[in-house]
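To start, the structure under review is shown below, and the notes come after it.
The values are calculated or read from the model by the stated rules, or taken from the named source; none is laboratory data. What you see is a predicted model; the values in this text were computed from it and never measured. Counting neighbours? That spans all protein chains shown, and the Cβs are built from the backbone with ideal geometry, glycine included. What goes into the accessible areas is simple: the full protein's heavy atoms, side chains included, and nothing from ligands, DNA or RNA. Shrake-Rupley method; radii C 1.70, N 1.55, O 1.52, S 1.80 Å.
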Amino acid sequence: MATKALEGIRVLDMTHVQSGPSATQLLAWLGADVVKVEAPGGDITRRQLRDVPDVDSLYFTMLNCNKRSVTLNTKSERGKEILTELIRRSDVLVENFGPGAVDRMGFTWDRIKEINPRMVYASIKGFGEGPYTDFKAYEVVAQAMGGSMATTGFAEGPPMATGAQIGDSGTGIHCVAGIVAALFQRERTGRGQRVNVAMQHAVLNLCRVKLRDQQRLARGPLAEYPNEDFGDEVPRSGNASGGGQPGWAVRCAPGGPNDYVYVIVQPPGWSPLAALIGRPELADDPEWATPEARLPKLAKMFQLIEEWTITLPKWQVLERLNAYNIPCGPILSTKEIIEDSSLAANDMVVTVEHPERGHFTTVGNPLKLSDSPTHITTPPLLGQHTTDILIGELGLGDEELRLLRASGVI
């Protein structure tokens, strides 16, 4: 049995919904023992968006694989004592409650350090210190306030959210990086530390090229954007690549919602592309032959390409473009992705057995470590490991467990 990167690290997972659980699930996949501490009613997502009555929802199962679950009412005195004992025996505590909630439970950073000076205490919040601190944070609120929505969509349309959960799961990945760095530093210092990640900050980090363009805008229009007019802020630019090489999503036959291929036109690709679209003369035409000549006519250029692609299914377009090394990719629908055999072969679309639903499909670990293979196991039922942890690890007796249950502590 191969060892795992984070073997021997115990994570106290006091997170709920998506941003926190996405972080702790990655830590579990990297080999940490993740103990999910849930209020006796459970993580709210167990009941949200249910597709099977009275069974944990896919929302929950797809964010909580490879964890153990213990129930604990941390508002009760005995619950606080048990939590203190769990903190003493853990390496990492992760939470994403509203600002100040853990402090109000009586577990300030100073108190946590006192209980366990080696603790890495990570918090995911909506925002940093300042006027937004107490705003309620949701996925799309973070997208709105981190630069993503203002720069997504078409120039003539409203700001758009992206389907990628860059506010929630994106922040979770940033949080994992902070936790792993803090554990690494602890090897040298022997001390834990506080890790803070805000959703707005994570989205902004993912939108840095738009801040690059905001500064370039001061020196004139952005030539590689398809937009006609520029004000004093970066415009929405539809499906433009936003990089040095122009790209666009062009329609293919038979014209369904995802019958598109994304094509990038690099300088060496122009000549074969002109031949493919049946306009070989454009390869040498001074009006079209150079990137500089094409730049002011991007919309027209992609229209010419689309007149060819619309006659063929996307997989044929792909085959022909790839034959000439022209960068491209089909727009894959969620249905195509979930049925994609290569993603399954790469353990990125994974089927997991579940005691109550039979099985479900989830997204696998995108972090591939040669010495720390990931095996995805079923998420815990609510409180499934309460007895193992409280009796087996904390040494409580059967009778006390019965009393804790009766009094609603677990």
Within the range 109-132, residues being touching a Gly at 6+ places or on another chain (Cβ under 9 Å), open to solvent by 30 Å² or more (accessible area, probe 1.4 Å) and part of a loop (DSSP other than H, G, I, E, B) number 3
How many residues of the range 295-309 are at pLDDT below 95 and surrounded by 15 or more Cβ atoms within 10 Å (Cβ to Cβ)? The answer is 1
Test for residue 357: is it basic (Lys, Arg) and either in contact (Cβ under 8 Å) with a residue 12 or more places away in the chain or touching a strand residue (DSSP E or B) at 6+ places or on another chain (Cβ under 8 Å) (or both): yes
Among the residues of the range 178-198, is any without any contact (Cβ under 8 Å) to a residue 24 or more places away in the chain, part of a loop (DSSP other than H, G, I, E, B) and acidic (Asp, Glu)? no
Working carefully through the options 51, 56, find the one that is in contact with a Gly (Cβ under 9 Å, 6 or more places away or on another chain) and either farther than 17 Å from residue 387 by Cα or assigned to a loop (DSSP other than H, G, I, E, B) (or both). 56
When restricted to 147, 157, 106, the only residue part of a loop (DSSP other than H, G, I, E, B) and within 17 Å of the chain's Cα centre (by Cα) is 147
Output the number of the condition that residue 44 fails; it satisfies all remaining conditions of (1) open to solvent by 40 Å² or more (accessible area, probe 1.4 Å); (2) in contact with a Lys or Arg (Cβ under 9 Å, 6 or more places away or on another chain). (2)
Where residues in the range 160-171 are assigned to a helix (DSSP H, G or I) and open to solvent by less than 20 Å² (accessible area, probe 1.4 Å), which of them is farthest from residue 228 (Cα to Cα)? 171
Enumerate the pairs (first residue in the range 267-290 and over 16 Å from residue 323 (Cβ atoms); second residue anywhere and open to solvent by less than 40 Å² (accessible area, probe 1.4 Å) and in a loop (DSSP other than H, G, I, E, B)) with beta-carbon separation below 6 Å, excluding pairs fewer than 6 apart on the same chain, so at least 6 apart or on different chains. 282/288
Among the residues of the range 333-363, which ones are assigned to a loop (DSSP other than H, G, I, E, B) and either within 22 Å of residue 56 (Cβ to Cβ) or open to solvent by 60 Å² or more (accessible area, probe 1.4 Å) (or both)? 339, 346, 347, 355, 356, 357
Taking the condition modelled with pLDDT under 95 and either open to solvent by 20 Å² or more (accessible area, probe 1.4 Å) or among the charged types (D, E, K, R) (or both), does residue 100 pass? yes
If a residue has to be part of a helix (DSSP H, G or I) and farther than 15 Å from residue 265 by Cβ to count, how many in the range 308-332 make the cut? 6
Determine the pairs where a residue that is under 10 Å from residue 90 (Cα atoms), located within the range 1-17, has a partner that is open to solvent by 50 Å² or more (accessible area, probe 1.4 Å) and assigned to a loop (DSSP other than H, G, I, E, B) with Cβ atoms under 9 Å apart, the partner being 6 or more residues away or on another chain. 10/89; 12/89
Filter the range 278-294 for residues that are part of a loop (DSSP other than H, G, I, E, B) and open to solvent by 30 Å² or more (accessible area, probe 1.4 Å); which is nearest to residue 310 (Cα to Cα)? 278
Selection from the range 133-144 of residues surrounded by fewer than 24 Cβ atoms within 10 Å (Cβ to Cβ), under 17 Å from the mean Cα position of the chain (by Cα) and of a type outside the set (A, V, I, L, M, F, W, C) yields 138, 139
Among the residues of the range 192-233, write down those that are under 30 Å from residue 93 (Cα atoms) and exposed (fewer than 13 other Cβ atoms within 10 Å of the Cβ). 208
In the range 219-242, is there at least one residue being part of a helix (DSSP H, G or I), free of Cβ contacts under 8 Å to residues at least 12 places away in the same chain and among the charged types (D, E, K, R)? no
Filter the range 87-121 down to residues that are of a type in the set (S, T, N, Q) and in contact (Cβ under 8 Å) with a residue 40 or more places away in the chain and give me whichever is farthest from residue 390 (Cα to Cα). 96
Does the range 57-71 contain at least one residue that is buried (at least 22 other Cβ atoms within 10 Å of the Cβ), of a type in the set (A, V, I, L, M, F, W, C) and more than 16 Å from residue 378 (Cβ to Cβ)? yes
Subset of the range 256-277 [more than 15 Å from residue 302 (Cβ to Cβ), open to solvent by less than 50 Å² (accessible area, probe 1.4 Å) and over 26 Å from the mean Cα position of the chain (by Cα)]: 256, 272
